[in-house]
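Bear in mind these aren't lab numbers, they're just calculated from the coordinates by the rules spelled out. Owing to the predicted nature of the structure, the values given are computational and were not obtained by experimental measurement.
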Amino acid sequence: MATICFGCKEEIKDKMLEALDKSWHPEHFACKECKKRIIENKFHESEGMPVCVKCYESKIQAICAGCRKLITEKVVKAMGKAWHLEHFICGGPCKKQLSGQTFFERNGKPYCTADYERLYAPKCGGCKKAIAEKAISALEGKWHKECFKCKLCKEPIGVDSKFRSDKDKQPICEKCAV
């Protein structure tokens, strides 16, 4: 069976080069970026195709958003940027690595869930804890659904129910307000 050149799709009769699990005429083993023949022993691979060192360093290789240095090993892609694994960390006080973790973005920085909630999430008007999901907006604040209850009788106040507030901006149901 004839060996076919991956570059030109024709049969290879003389010299053959094998790279990236493919066979090539030596003159068809070329950089996918600049299209120039690769004659050096060192080259890189991008999407299964050869890339010369010069193109790889100038067009493909990423600069870390954390340290501004070239990434030559594992890369984390997040928030439209590239990061060294060790530099993709929480922008809050914990500074833990976030690769593979759920994170929130604020002002171009990634934050772990705990630091984001502590620093930026709105606080419930009832329990004062962070609100990360849907909330009730009332009395100039936000509330967990289960926390929006009458200050006096502790019964939940429905979304369509009437209520009043006391001087501390706490809800009082219509029944207790009389």
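Quick check: the distance between the Cα centres of region 122-178 and region 61-115, to the nearest angstrom?
So the separation of the two Cα centres works out to 38 Å.
Starting from the amide H of Lys129, placed 1.01 Å from N in the peptide plane, find each other amide H under 5 Å away whose residue is 5 or more places distant or on another chain.
Hits under the 5 Å cutoff: Cys124.
Which far-off residues, 5 or more places away or on another chain, put their amide H under 5 Å from the one on Cys34, with H placed in the peptide plane?
Cys52
Taking a cut-off of 20 Å between Cα atoms, list the lysines near Lys129, but don't count ones fewer than 8 places away on the same chain.
List returned: Lys142, Lys145, Lys149, Lys151, Lys154, Lys169.
Taking every pair of alpha-carbon atoms in region 75-119, give the share separated by more than 14 Å as a whole percent.
Here the tail beyond 14 Å accounts for 38 percent of pairs.
Tell me, what HN-Hα J-couplings in whole Hz come from the Karplus equation 6.51 cos²θ - 1.76 cosθ + 1.60 at θ = phi - 60° for each residue of region 76-84, using x for Gly and Pro?
10, 10, 7, 6, x, 10, 10, 9, 5
P(r) for region 1-74, please, calculated from all Cα pair distances in 5 Å bins and given in %.
3, 16, 25, 19, 14, 10, 6, 5, 2, 1, 0
Give the long-range amide H neighbours of Ile172: residues separated by 5 or more places, or on another chain, with amide H under 5 Å away, using H modelled in the peptide plane at 1.01 Å from N.
Amide H neighbours of Ile172: Lys151, Arg164, Ser165, Asp166.
Can you return the lysines within cross-link range of Lys59? Criterion is Cα-Cα under 29 Å, with same-chain partners fewer than 8 residues away left out.
Candidates past the 8-residue exclusion: Lys9, Lys22, Lys32, Lys35, Lys36, Lys42, Lys69, Lys74, Lys77, Lys81, Lys109.
What are the ³J(HN,Hα) couplings of region 145-153, residue after residue, when phi is run through the Karplus curve with 6.51, -1.76, 1.60 and θ = phi - 60°? Round to Hz, x for glycine and proline.
4, 6, 8, 7, 9, 4, 5, 8, 8
Which whole-Hz couplings ³J(HN,Hα) result when phi for each residue of region 170-178 is put into the Karplus expression 6.51 cos²θ - 1.76 cosθ + 1.60, θ = phi - 60°, listed in order with x for Gly and Pro?
Once θ is set to phi - 60°, the couplings for region 170-178 become 9, x, 10, 5, 4, 5, 7, 6, 7 Hz.
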